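Beneath this line is the structure, given in structure tokens, with notes to follow.
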Ligand code: COA
């Protein structure tokens, strides 16, 4: 297997982008990443696109060819991959596997979702839960995560204020991210007093409905310096599965897929959680930001609320989380999220993250979840090849 490097990254602004179509979004990100990488279009061997539900959101299927056509890449083979909100990181992983195996040299991994064209995105998003046992009984993603939050509060004494702090930190960071959907500060009181969505979660505990796209260009590590002075090296790519229905799990307060993927990734990269300088986690709801801190191993189970409350996840904290603003405040166009996380970590490791830069970041991690944890991926990236 060959080592793999990221040599170009780009993302669109995330938000309610009424003036930009689905195909324009992915073309903007994809062509941006090609330009950032210094490759020419003729170099590209393959493209993977993460997308959860273009059929339900914009009435368009067969998007892979639509995208290669609109980007002017034909006849490059383009493939769509889907794992709900983890679709983007699966596209990244497929790209990494394709380059590592030697099958292709230059691959684009991208993600896109245009969610705001439908009047109500909730039923479309709910197709990522178990239809028979969850969605058809009335469960939505906010309500499923609300049950996890309640259970965590019951088992570990996690407080409503600790959950709110996840959103407060994310919004603080997002104000320094030019791509963020909600680049403004909020307070704990504002979170607690915003409209109730699914008790105990309020509007400001939830990631929004978003449009956006992101892309990265991959090549063999040994060739990376031909194209760029600032390659970012892939040290690990791990993926794990679990039941998609919550009631089938031993413990609702642990995303086992996250735990397993994280362990695999640390082993593959030869690092421990203490070596990670900056992380982008999947905080689709505040409770999931808290679970991630525990399940990735930054603290023991039950202590997530405490370390977040103590400021340890802030940009200047012991283990900075989501300098981009995370899903909560950067936005969460489902299929684009896993790739946007890789873009943010690449900018952080290049030292290009401006006012949200984590000082001296050398090793970074991304964590992307599908549904309530039926899929989880963990990627570890590094500024240095060795
Ligand atoms: N955070 C902050 N502000 C938000 C927001 C969010 N998550 N969602 C909407 N807003 C703002 C809007 O910008 C709008 O502001 P304005 O009045 O100043 O324009 C206002 O709140 C109302 O927006 P609206 O679109 O009517 O909200 P909504 O009630 O229809 O939707 C949620 C709110 C929380 C239900 C929706 O964002 C949601 O479903 N989020 C979860 C998405 C999800 O499940 N993703 C998959 C995760 S697994």
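Please treat every number below as a calculation from the coordinates, not as lab data. This one's a predicted model, so the numbers in the text were calculated from it and none came from an experiment. Glycine gets a Cβ as well: all are built from the backbone with ideal geometry, and neighbour counts include every protein chain shown.
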*Listed highest first by mean packing, meaning other Cβ atoms within 10 Å per residue, what order do 88-95, 176-183 come in?*
88-95, 176-183
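Ranked from highest to lowest mean number of other Cβ atoms within 10 Å per residue, what is the order of the peptides 18-26, 110-118, 210-218, 261-269?
Details: 18-26: 17.8, 110-118: 25.9, 210-218: 31.3, 261-269: 20.6.
Listed from highest to lowest mean packing, they are 210-218, 110-118, 261-269, 18-26.
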*Quick one: P(r) of the chain from all Cα-Cα pairs, 10 Å bins, percents rounded to integers, in order of increasing distance.*
6, 27, 37, 24, 7, 0
_Using square roots of five times the C-alpha gyration tensor eigenvalues, list the equivalent-ellipsoid semi-axes of the stretch 5-106 in whole Å, biggest first._
21, 16, 13
*asked:* Which of 272, 127, 375 ends up with the largest GNM mean-square fluctuation for the chain, with Cα atoms connected below 10 Å?
replied: 272
_Range of Cα positions in the stretch 224-303 per principal axis (Å), largest first_ = 51, 25, 24
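For the ranges 129-135, 343-349, what's the packing order if you count other beta-carbon atoms within 10 Å of each residue, average per peptide, and put the highest first?
Numbers: 129-135: 17.1, 343-349: 26.0.
So the order, starting with the most tightly packed, is 343-349, 129-135.
FRET efficiency for residue 190 and residue 21, Cβ-Cβ distance as r, R0 = 30 Å, nearest 0.05? Before the final figure, lay out the partial values.
On the way: r = 34 Å, r/R0 = 1.12.
Approximately 0.35, to the nearest 0.05.
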_So if I average 1/r over every pair of distinct C-alpha atoms in the stretch 238-386 and take the inverse, what Kirkwood radius in Å does that give?_
15.2 Å
*Just need the relative contact order of the chain here, percent rounded to a whole number, with Cα pairs under 8 Å and 6+ apart.*
26 percent
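If the chain between residue 175 and residue 43 were fully stretched, how many nm would it gain, using 0.36 nm times the residue separation less the Cα-Cα distance?
Details: separation 132, 0.36 × 132 = 47.52 nm, distance 3.66 nm.
Roughly 43.9 nm would be gained on extension.
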